[in-house]
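Undergrad: Can you keep this structure in mind? I'll have questions shortly.
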Amino acid sequence: QVQLVESGGGLVQAGGSLRLSCVASGSIFSGNVMAWYRQAPGKQREYVAFITSLGAANYAASVKGRFTISRDNVKNTVYLQMNSRKPEDTAVYYCSSAMGITRYWGQGTQVTVSS
């Protein structure tokens, strides 16, 4: 059974830093691209970043230069380091990965940035 569990969310002041973690269980982590998405109140879910099994990363323009995605293939964990936080980064952050035609999602972790 595939499971993605996020943690690390919370309240942070603008300009501060926060690191999110996502632990994957089941067969989804090994060799898979892992991604982060976010959904702000009243908005559609949007892509944030992804990382391949070999560590190649890609970022949305809105977070490039401020966020860093990484993974630990031994711990089956993907991270999202968020620096220079802005109020518009407030959202529920979701970990995600696809296996075959199925996309899996975690339950999400709330991140709130105060101005």
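The values are calculated or read from the model by the stated rules, or taken from the named source; none is laboratory data. Since this is a predicted model, take the numbers as computed values, not measurements. Backbone-built Cβ (ideal geometry, glycine too); neighbour counts: all protein chains shown. Keep in mind that these areas ignore ligands, DNA and RNA; they rest on the heavy atoms of the full protein, side chains included. Shrake-Rupley method; radii C 1.70, N 1.55, O 1.52, S 1.80 Å.
Undergrad: Please calculate how many Å² of accessible area the chain carries per residue, with a 1.4 Å probe and no DNA, RNA or ligand atoms counted.
TA: Per-residue value: 52 Å².
Undergrad: Of all accessible surface on the range 2-115 at a 1.4 Å probe, what whole percent is carbon and sulfur? Display every interim value, and only then the final one.
TA: On the way: 2960 of 5810 Å².
Answer for the range 2-115: carbon and sulfur cover 51 percent of the accessible area.
Undergrad: With the Cα gyration tensor of the chain in hand, convert its eigenvalues to equivalent ellipsoid semi-axes via √(5λ) and list them largest first in whole Å.
TA: Working from the Cα gyration tensor, I get semi-axes of 23, 14, 13 Å.
Undergrad: Place a +1 charge on the Cβ of each Lys and Arg in the chain and a -1 charge on the Cβ of each Asp and Glu, then give the dipole magnitude about the Cα centre in debye, rounded to the nearest 20.
TA: 140
Undergrad: So, one more: Heavy-atom accessible area of K43 with all protein chains present, probe 1.4 Å, nearest 10 Å²?
TA: 140
Undergrad: Per 5 Å bin, what is the whole-percent P(r) computed from every C-alpha pair distance within the range 52-115?
TA: Calculated P(r), rounded to whole percents: 4, 13, 22, 26, 20, 11, 3, 1, 0.
Undergrad: How much accessible surface does T77 have with a 1.4 Å probe, in Å² rounded to 10?
TA: About 10 Å², ignoring ligands and nucleic acids.
Undergrad: Another question about this same structure. Starting from the Cα of K64, draw a straight line to each of the aspartates and glutamates and keep only those under 19 Å, dropping any in the same chain fewer than 8 residues away.
TA: Qualifying aspartates and glutamates at Cα under 19 Å: E46, E88, D89.
Undergrad: Under 19 Å from a point placed 7 Å out from the Cα of N73 along the Cα-to-Cβ direction: which residues of the range 10-33 have their backbone N that close?
TA: 22-33
Undergrad: Round to a whole angstrom and tell me the spacing of the C-alpha centers of the range 9-31 and the range 74-111.
TA: The range 9-31 and the range 74-111 have Cα centres spaced 6 Å from each other.
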